Each structure stands twice: as structure tokens, then as C-alpha cells.
Amino acid sequence: MAGRTVQDYIVVKEPDEAIAALADGDTAVLAGGQSLVLDLARRANQPARLVDINRVAAFDSLAETGTGWRIGPLVRHRTFETEAVGGRLGVLLRRIVRHIGHPPIRARGTMLGSLAYAHPAAEWTVLAAMLGARLELAGPDGIRPVAAGDFFTGPFSTVRRPDELLAGLHLDALPPRTGTGYAEVRGPRAVYAETAAMAAVTVADGVVVNAAIGLVNAGPCPVRARAAERALIGGPFRDRAITTAAERAAEEDATFLHLPAADRPHLRLLLRAMTRRALTQAREEA
């Protein structure tokens, strides 16, 4: 397939240098490169330049804040296999991360790179939307904050401008007595899940007081399962409530609009089972 090739490769060491390199609007950011390099090879992405940010020490930052954690652009997936993030949030991150790709991908790929790529079947995009994460977009005019729910606009599409860098992600800690769960189904050689569900459910005095449920590869953008959450909040965390929530997740929250040729009844059946499994796991923990 004919097409242009990358004309320039820039290595930067400071955050300002990285942002300046994006000013032309035709430069791609190289961090882990697990998606970008593949796109370059198949000519799906043909930028004029690459800016390599791997030597920007300030970007390799995972810092605890007053409300949770701030994650920088060079924090690799494998970081979340450890107890670098504590509390109930750390438990959820560790549950999810072992399902991402395989060890070499987790060693090089980054959480923020996954968010910027916006694959419909990516796990971290759904986590960010489900937990109401806050993102930092750094550009020529400074930092632009964006809620995760507003960041994704479609498959492989976000509100990030070509001259902006996804410079940070803020995740709040989860309250005590919060149970978490994650379940997915994927083919034996697939890198991404066919579909999956994640949950964080807080219980007080036997009653669900807060619920966050996310669905993977269930729509063009990351899906937060609001109908499923409403089925849980205010009632006991019992089998009947879990079954109802799973049904609503599969039938009301999931759309699969980005998969027009897919067997949607089959996907809904799988998603119903994955949601039930994630919620059951969360109940055992809560």
C-alpha cells in the first residue's frame, strides 16, 4: 500500500520539549508503542514525525494525592501488577491488569497510551469512565482538564487535539467496604477481550450505597452501566439483585453499535454472564 513514511524522529527529555514537538499537529507520541508501531507498520497511522517521550523522567510518575492517585504518561501496565496502588482501588487494578495483552505488552505499554488509543475493547478506558477519572491534556495553552466520560468520542477517537499530550490521569480511591470484580471472555489468541465487565460496589449495613459497573467492548465508547447500577443501589447485595443488574447491563446499557456484523444475542449472553461473575466477586469481597 502506497503512502508516506515518518520523516523525523525526535527524542525529548523535558515535558515542555514534548509539548513543543506536537505544535505542528502532525506528530505522533511514542511511549510504549504497542499500538502505534503496529499502526505505522500497516499504514493505519502516517504522521510526519515521531516524538519519543521515554526519556522524560517526570512522565514516569505514580503519585498519591489527597483523594487518590495521579498517573503519568510513562507508567507501564505492569506497574499495576504490584501493590504500587493501595486500598480497594489497587485490588481492582491488579484484577484487571493481568488480562491486558501478555507480559511483553504489559512491560512496555502504558495506561495513558491505552486511553489515548481508545480501542473499544480496552480495559483501562472503561475503568477510567466507570470511576469518573479526570484527565489532563497538556498543550500550547497549558493544562486542559477533561472528565473521562467526555474524553472518548468513538472507536479510536477522543477530544485530544493533535497539538496536545495526554499528560496525566487522576483516579480517586475507593471507599472502605467496597468489593471489586472483573471478568472477561476472549479467544485463545486474541489480544483484546470479546467482552468483559468490571465492578466496584460499596455496601453499608447490608445495603448497596454505591455501585460502579463498566462494560468492555459493549459500545463505540467505554460503557458505564447506569441501568445496572440503579438495579443495585438502595437494596441488599443478593443474588436476585445481581441477576437483575446483569440483565440490564446486557440489554439496556450495552449497544454493540460499533460491531454491526457481530452476533449481538451471543455477545449479550456473554456479557450477562461476565457481569454476573464480576458482581458476585465484588459481593464476596465487600
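The values are calculated or read from the model by the stated rules, or taken from the named source; none is laboratory data. Quantities reported herein were computed from a predicted structural model and do not represent experimental measurements. We place every Cβ from the backbone using ideal geometry, glycine too, and count neighbours over all the protein chains shown. Side chains included, ligands, DNA and RNA excluded: accessible areas come from the protein's heavy atoms. Shrake-Rupley method; radii C 1.70, N 1.55, O 1.52, S 1.80 Å.
Listing for the model above:
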read-out	value
Within the accessible area of region 71-126 (1.4 Å probe), percent carbon and sulfur	52 percent
Formal net charge of residues neighbouring Arg283 (Cβ-Cβ distance under 13 Å; K, R +1; D, E -1)	+2
Highest-first arrangement of 111-117, 251-257, 267-273, 90-96, where packing means the average Cβ count within 10 Å	111-117, 90-96, 267-273, 251-257
Stretchable slack from Ile143 to Glu14, in nm (0.36 nm times residue separation minus alpha-carbon distance)	44.9 nm
FRET efficiency for Glu252 and Ala48, using Cβ-Cβ distance with R0 set to 51 Å, rounded to 0.05	0.70
Proximal charge balance of Ala128 [Cβ under 15 Å; K/R count +1, D/E count -1]	0
Neighbour net charge for Asp239 - beta-carbon separation under 10 angstrom, K R +1, D E -1	+4
Nitroxide proxy distance, nm - points 7 Å out along Cα→Cβ at Ala261 and Ala63	4.7 nm
Accessible surface of region 14-67, 1.4 Å probe, proportion on carbon and sulfur as whole %	48 percent
1.4 Å probe accessible area per residue over the chain, in Å²	45 Å²
Area projected by the alpha carbon convex hull of the chain, averaged over all directions, nm²	15.1 nm²
